[in-house]
Amino acid sequence: MRYIYYPGCSLKGTGRAYEESVLAVFRALELQFEELDDWNCCGATAYMAIDELQAFTLAARNLALAEKQFADEEEVNIIAPCSACYLVLMKAQHYIEEYTEIGDQIRSALKECHMEYEGRIRIRHPLDVFVNDIGLEKIKSLVRKPLDGLRVASYYGCQMVRPYKVFDHHYSPTTMDDLMRALGAKAVDWSLKTRCCGGSLTGTIEQVGMRLSFILLNEAQKRGANVIATSCPLCQFNLECYQGSMNRKFNGSVDLPAAYFTQLMGMAYGISNRELGLQRLFVPMTSQFSKKEGYQHVGV
Amino acid sequence: MSAFDIQENGDFRIGVFVCDCGINIAGKVNVSAVAEFAGTLPNVVVTREYKFMCSDPGQELIQNDVKEFRLNRVVVASCSPLMHEATFRRATAEAGLNQYFFQMVNIREHVSWVTENEYLATEKAKALVAAAVRRVKVHRALESKSVPVNPDVLVVGGGIAGIHAALTIANAGKKVYLVEREPTIGGHMAKFDKTFPTLDCAACILTPKMSSVKAHKNITLWTYSEIDKVDGFAGNFTVRVKRKPRYIKEEDCVGCNLCVEACIFKEGKFEDEFNVGLSKRKPIYMPFPQATPSVVLIDPETCLHFKTGKCKQKCVEVCERGAIDFNQQEEFKEINVGAIILATGFKTFDPHRISEYGYGVYPNVYTSLEIERLVNASGPTQGEVLMRDGRKPKSVAIIHCVGSRDRKTNAYCSRVCCMYSLKLAHLIKERTGAEIYNYYIDMRTPGKGYEEFYDKLLQEGVHFIRGRVAEVTNWAMVPSEEDKLIIRAEDTLIGVARRVPVDMVILSVGLEAHDDAGEVQRLFNISCSKEGWFLERHPKLAPVSTFTDGIFIAGACQGPKDIPDTVAQAGAAAAEALAMVDIGHVELEPNTANVETVMCSGCKTCISMCPFSAITFDAENWRAEFNEALCKGCGTCVVTCPTGAAQQHLYTDDEMYEEIEGVLHYV
Amino acid sequence: MSNDSQTENAQQFEPRIVAFFCNWCTYTAADLAGTSRLKYAPNVRVIRIMCSGRLDPQFVVKAFRDGADGVLIGGCHPGDCHYQEGNYKAYRRYALFQSMLKHMGIEEERFRLEWISASEGDKVQKVINEMTEQIRALGPLKLTSVPSYRAQEVQLDLAGVGVEGELL
């Protein structure tokens, strides 16, 4: 099966480590993919809040481009690693197909620039593709350096399973936990897997946003996690960037790396730290792995 | 047959009576215009408009007009025929006409209540009246058929509803078959400790009734049995009952339990159904001490003999009466009954479906049914409220409306949860002194003594927090929350999101129809609501009847209800069934099919069409023969008849054509 | 009832639809739509039959010939028939007759079969509104006169199907 890879803005910017590790893992899994040509903003967050219709239209342009790029495929699978992109693309597709009026407006907008959305799209999260298309068996077979002793708190965030629970449970998902176990890690059982990370609140009402991230880190650490695995650039940013201020503000002692789940996969596959963008983490993995060979933090 | 039945000089004299139904019809349909219009139709000699045609004066109006205007046909435009057809037929008959010289027009349910535009509503009503006027002319005088009724009654389901209905009928001297699918009767009520609001002990009021069922000479009790097939019609049903093997000769077992003690399993090892999994049982077991009949059973899924064939069969050894029979097979019994009462009850909502509440994840989250067993003196802990980790709870949260009043699960209110939650709150507080928090949306306590009970709980210091719980979680924010379950909810009375740490959580699960309600509905040929509750014939006026004559419903299979309502309804169903079988005969609608022998070419097409084998072939005369006693009046055969020899009373081709022409040519 | 609404109504084509509803499911559902006060298009005239199995294709011919723009049949869901299998018979006849109507130049939207159970008042509303709009869009049925012997032929054909019917 061939996939279209839709990076979105974050993976080219603040979430570069996510793109680096996603692509490294794609290569390791010999996944066939092409990046979407001429892609544009998915329409997420701010745009969606100001004008939903225009946000959907932006998303629809990406969908139409993908259909054009894979003109022969009966079903075009787009991988959107960023949870926000994943959700917005799905939401756009849902609205176009469910609400004729919105659909018609979007279609006519696309027509203005000689484009068409046919409805052959299936939007996928890499986690879904890894576990459900490639399978845990194959994922396991490629492990060269099992993540022994690593206690991972899988953090799915709000957008991957809500409101569209395409491949996992909306409240207590388990796909990433299964994946981590396949890599040799121990999945930490905790109840905040889908609780809000603070989202863009950290940029607007900092004390609220920061408190939400702190709750997650504190609970994960208390449950014995030594790394928190994320699947969204914004979650990752919120979780790792403010740990110092959080500790001062909330009198806490959180010190937990927040890595992309693909980085952990890459580590288990023995891919070099630099290829996985591990050097970009603000909270280094070093402290957790100093005793383990090969998991040295690489300075920026 | 009266002289009016014959048309004088071929003259039809039709009276059209249009009902206002207060403002139900008149509020939307211009009733005077409809009546006026009807007066312009051929052969209509009188039209009337009246406020309530179904009332006594309304019926008298019809009867007087029949006499005064020498009417020979009557048309009433009012509500649905399913509501008042019988009423007006009776009025027509009492006026001296054949009751089938009457046609009803539904201008309420099908017109005034469903149409926005007054003009179009009136036009639609006119069209329907025109059709009836044309149709009624070709109506024929018919006699309704009276058939004898089998006086025996079948009651399906042995919960409190079935038990009460069976006893009522048996006490009236009729023979009753009570069929229960579980190994014992008693149903949900047998699991309860106390009943609200009187707090009398459920077992004390139920078990005497259970033993009277067993002892009653008029009741045949078949537990561990299911209905397999139902044939026939009101007054004469043939029912096949499947008796599942319990591997015990029921008549020989005395319930001494020696076999249970002797079983090779020293301790119970398998989930005890009666204690909803809170205790363990052996493969051979008595469901509970007061089980009725007091007969053990063997579960072949767990019994070593069935699984490996290598058991020492200690049970057989100790049973002096030789009651154990590993070769028992499923058995079928065929019975004939005149009426059937369905009292198949409910199931409780499975809270796994609301994962936010952590049922199945956190051991100290319980369903209310589990708590019923836990507070029960004969339950797994002898009534001591202990959690799965053996601790006594110091604080308990009761979450109301789990699986009720929620569009994601069930939109309806389950009616009993507020009250049983109060009861459980009282019992737990009494036994543990724990702090109790009720999370409710609205407290619904309508019922005799119910509001007073609520008030009593308020006095007892039970906490009530208005708000639907968002989640039950184990993540602690402060040290006092460590190792507790934290309830997160918005307290909507003070407008604050609250976290309350507790030891134990009780989910007040709602009531749902059984998973197989659809199959039961088909088996008995009745209807179900969307939620799976059996549909009553009329929500107010025929609450225990179904659309199928002779089949009645009682208890929670019709919708969630508490014990007092269930028993009242069971009594009502018993009375309806008794009224039907006691009179000895039943009037059947004469809508059967028949054949005009001269026109029958003997093609046999109709024979293959009849699902009831009511048509046979008379080879001597080369024609089809219709058995009206077997015919149920679907009319399928009429359609296939190529010569038009087959006809259905009340729905003849002529009548149908007149109606079709009528609705289309009224203007 | 104003004159305005009358003139307004006169301007717009109002389809005339004859519906045959079985007594046990769909007629009851239509009653439920009434008691639930669900508003729907007033274009349907409901004729009660005991079972959808009583629906004679001749009734359909008759309705179309007498000016109906559409015919709707409502029966119990498969497996729920009060008479065990009348609705299956109705379905066979419907499927066969639909194809014959096509040859007669009658669009398939004009003849519709729906399974509506006694609890589905909302479905009665939905189906009637939908069908009324579809037929409104199609416009009035224009039939060149259908000679009556045709109807007889149809019946003979269907009688044949009856014998072989079990195959369908």
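Within region B:454-475, can you find the residues that are touching a residue at least 12 places away in the same chain (Cβ under 8 Å) and either closer than 20 Å to residue B:369 by Cβ or of a type in the set (S, T, N, Q) (or both)?
B:469, B:472, B:473, B:474
With the condition kept exactly as written, say whether any residue in region B:368-381 is basic (Lys, Arg) and touching a helix residue (DSSP H, G or I) at 6+ places or on another chain (Cβ under 9 Å). Reasoning before the result, please.
Kept after step one, since they are basic (Lys, Arg), are these residues of region B:368-381: B:373.
Next, only the ones that are touching a helix residue (DSSP H, G or I) at 6+ places or on another chain (Cβ under 9 Å) stay: B:373.
Checking region B:368-381: at least one residue is basic (Lys, Arg) and touching a helix residue (DSSP H, G or I) at 6+ places or on another chain (Cβ under 9 Å).
Mind listing whichever residues of region B:613-630 are among the hydrophobic types (A, V, I, L, M, F, W, C), within 13 Å of chain C (Cβ to nearest Cβ) and either without any contact (Cβ under 8 Å) to a residue 12 or more places away in the chain or open to solvent by 30 Å² or more (accessible area, probe 1.4 Å) (or both)? It would help to see each step written out before you state the result.
In the first step, residues of region B:613-630 are kept if they are among the hydrophobic types (A, V, I, L, M, F, W, C); the result is B:614-615, B:617, B:619, B:622, B:624, B:626, B:629-630.
So of that shortlist, the ones also within 13 Å of chain C (Cβ to nearest Cβ) come out as B:614-615, B:624, B:630.
Listed by number, the list holds a single entry, B:630.
Could you check region B:386-402 and list, in sequence order, the residues that are surrounded by fewer than 24 Cβ atoms within 10 Å (Cβ to Cβ) and in contact (Cβ under 8 Å) with a residue 24 or more places away in the chain?
So the first thing to find is which residues in region B:386-402 are surrounded by fewer than 24 Cβ atoms within 10 Å (Cβ to Cβ), and the list is B:386-395.
Residues satisfying the conditions are B:387, B:388, B:389, B:391, B:392, B:393, B:394, B:395.
Report whether or not residue A:152 is part of a loop (DSSP other than H, G, I, E, B), in contact (Cβ under 8 Å) with a residue 60 or more places away in the chain and assigned by TED's automatic domain parsing to the domain that holds residue A:226.
Details: part of a loop (DSSP other than H, G, I, E, B): no; in contact (Cβ under 8 Å) with a residue 60 or more places away in the chain: yes; assigned by TED's automatic domain parsing to the domain that holds residue A:226: yes.
Answer is no for this residue.
Tell me the residue from A:197, A:235 that is assigned to a helix (DSSP H, G or I) and touching a Cys at 6+ places or on another chain (Cβ under 8 Å), please. Talk me through it step by step, then tell me what you get.
Numbers: A:197 fails: assigned to a helix (DSSP H, G or I).
From the options A:197, A:235, the qualifying one is A:235.
Please state which one of B:545, B:529 is assigned by TED's automatic domain parsing to the domain that holds residue B:206, under 29 Å from residue B:424 (Cβ atoms) and of a type in the set (Ser, Thr, Tyr). Spell out the reasoning first.
Values: B:545 fails: under 29 Å from residue B:424 (Cβ atoms).
Only one candidate qualifies: B:529.
Of all residues in region C:105-141 being open to solvent by less than 60 Å² (accessible area, probe 1.4 Å), out of contact with any strand residue (DSSP E or B) (no Cβ under 8 Å at 6 or more places or on another chain) and away from every other protein chain (no Cβ under 14 Å), which is farthest from residue C:12 (Cα to Cα)?
Out of the qualifying residues, it is C:105.
Here are some residues: C:13, C:59. Which one is assigned to a helix (DSSP H, G or I) and either open to solvent by less than 10 Å² (accessible area, probe 1.4 Å) or over 27 Å from residue B:644 (Cα atoms) (or both)?
Criteria check complete, one pass: C:59.
For region B:76-89, state whether one or more residues are in a helix (DSSP H, G or I) and surrounded by 24 or more Cβ atoms within 10 Å (Cβ to Cβ). First the steps, then the outcome.
So the first thing to find is which residues in region B:76-89 are in a helix (DSSP H, G or I), and the list is B:81-89.
Filter again for surrounded by 24 or more Cβ atoms within 10 Å (Cβ to Cβ), leaving B:88.
Checked against the condition, which is being in a helix (DSSP H, G or I) and surrounded by 24 or more Cβ atoms within 10 Å (Cβ to Cβ), region B:76-89 yields at least one hit.
Among the residues of region B:91-118, which ones are in a helix (DSSP H, G or I), in contact (Cβ under 8 Å) with a residue 12 or more places away in the chain and either open to solvent by 10 Å² or more (accessible area, probe 1.4 Å) or more than 11 Å from chain C (Cβ to nearest Cβ) (or both)?
We begin by selecting, within region B:91-118, every residue in a helix (DSSP H, G or I); these are B:91-94, B:108-112, B:118.
After this cut, where a residue has to be in contact (Cβ under 8 Å) with a residue 12 or more places away in the chain as well, the list is B:91-92, B:94, B:108-112, B:118.
Residues satisfying the conditions are B:91, B:92, B:94, B:108, B:118.
Tell me which of these residue B:328 doesn't satisfy, since it passes every other one: (1) over 25 Å from residue B:193 (Cα atoms); (2) surrounded by 14 or more Cβ atoms within 10 Å (Cβ to Cβ); (3) touching a helix residue (DSSP H, G or I) at 6+ places or on another chain (Cβ under 9 Å).
With respect to (1) over 25 Å from residue B:193 (Cα atoms); (2) surrounded by 14 or more Cβ atoms within 10 Å (Cβ to Cβ); (3) touching a helix residue (DSSP H, G or I) at 6+ places or on another chain (Cβ under 9 Å), residue B:328 is out only on (3).
What pairs come up if the first residue lies in region B:639-651 and is more than 8 Å from every other protein chain (Cβ to nearest Cβ), the second is of a type in the set (A, V, I, L, M, F, W, C) and open to solvent by 20 Å² or more (accessible area, probe 1.4 Å), and their beta carbons are under 6 Å apart, counting only those six or more places apart or on different chains?
Filtered contacts from region B:639-651: B:643/B:599; B:645/B:595; B:645/B:599; B:645/B:600; B:646/B:595; B:649/B:142.
Among B:556, B:579, B:570, which is the only one that is in contact (Cβ under 8 Å) with a residue 12 or more places away in the chain, assigned by TED's automatic domain parsing to the domain that holds residue B:338 and more than 17 Å from residue B:416 (Cα to Cα)?
On the way: B:556 fails: more than 17 Å from residue B:416 (Cα to Cα); B:579 fails: in contact (Cβ under 8 Å) with a residue 12 or more places away in the chain.
Of B:556, B:579, B:570, the one residue that is in contact (Cβ under 8 Å) with a residue 12 or more places away in the chain, assigned by TED's automatic domain parsing to the domain that holds residue B:338 and more than 17 Å from residue B:416 (Cα to Cα) is B:570.
Please work out if residue B:488 is outside the structural domain of residue B:531 (by TED's automatic domain parsing), surrounded by fewer than 18 Cβ atoms within 10 Å (Cβ to Cβ) and in contact with a Cys (Cβ under 8 Å, 6 or more places away or on another chain). Spell out how you get there, then give the answer.
Details: outside the structural domain of residue B:531 (by TED's automatic domain parsing): yes; surrounded by fewer than 18 Cβ atoms within 10 Å (Cβ to Cβ): yes; in contact with a Cys (Cβ under 8 Å, 6 or more places away or on another chain): no.
When the stated conditions are applied, residue B:488 does not pass them.
Is at least one residue of region B:498-519 assigned by TED's automatic domain parsing to the domain that holds residue B:363, open to solvent by 10 Å² or more (accessible area, probe 1.4 Å), on the phi > 0 side of the Ramachandran plot and of a type outside the set (Phe, Trp, Tyr)?
Looking for residues that are assigned by TED's automatic domain parsing to the domain that holds residue B:363, open to solvent by 10 Å² or more (accessible area, probe 1.4 Å), on the phi > 0 side of the Ramachandran plot and of a type outside the set (Phe, Trp, Tyr), one finds none in region B:498-519, hence no.
Which of (1) outside any strand (DSSP E or B); (2) open to solvent by 40 Å² or more (accessible area, probe 1.4 Å); (3) at pLDDT 95 or above does residue B:204 not meet, given it meets every other one?
Only one criterion in (1) outside any strand (DSSP E or B); (2) open to solvent by 40 Å² or more (accessible area, probe 1.4 Å); (3) at pLDDT 95 or above is unmet by residue B:204, namely (3).
Cβ-Cβ under 9 Å, sequence separation 6+ or interchain: first residue in region A:109-123 and over 19 Å from residue A:55 (Cβ atoms), partner open to solvent by 40 Å² or more (accessible area, probe 1.4 Å) and among the aromatic types (Phe, Trp, Tyr). Which pairs?
Final answer for the pair search is none.
Among A:79, A:102, which is open to solvent by 20 Å² or more (accessible area, probe 1.4 Å) and among the β-branched types (Val, Ile, Thr)?
On the way: A:79 fails: open to solvent by 20 Å² or more (accessible area, probe 1.4 Å).
Exactly one residue qualifies, and that residue is A:102.
Quick check on this structure: which one of B:187, B:173 is farther than 29 Å from residue B:76 by Cα and surrounded by 19 or more Cβ atoms within 10 Å (Cβ to Cβ)? Spell out the reasoning first.
Numbers: B:173 fails: surrounded by 19 or more Cβ atoms within 10 Å (Cβ to Cβ).
So the residue among B:187, B:173 that is farther than 29 Å from residue B:76 by Cα and surrounded by 19 or more Cβ atoms within 10 Å (Cβ to Cβ) is B:187.
The values are calculated or read from the model by the stated rules, or taken from the named source; none is laboratory data. Note that this is a predicted model, so its numbers are computed, not measured. Please note: Cβ atoms are built from the backbone with ideal geometry, for glycine as well, and neighbour counts cover all protein chains shown. Note: areas computed on protein heavy atoms with side chains; ligands, DNA, RNA excluded. Shrake-Rupley method; radii C 1.70, N 1.55, O 1.52, S 1.80 Å.
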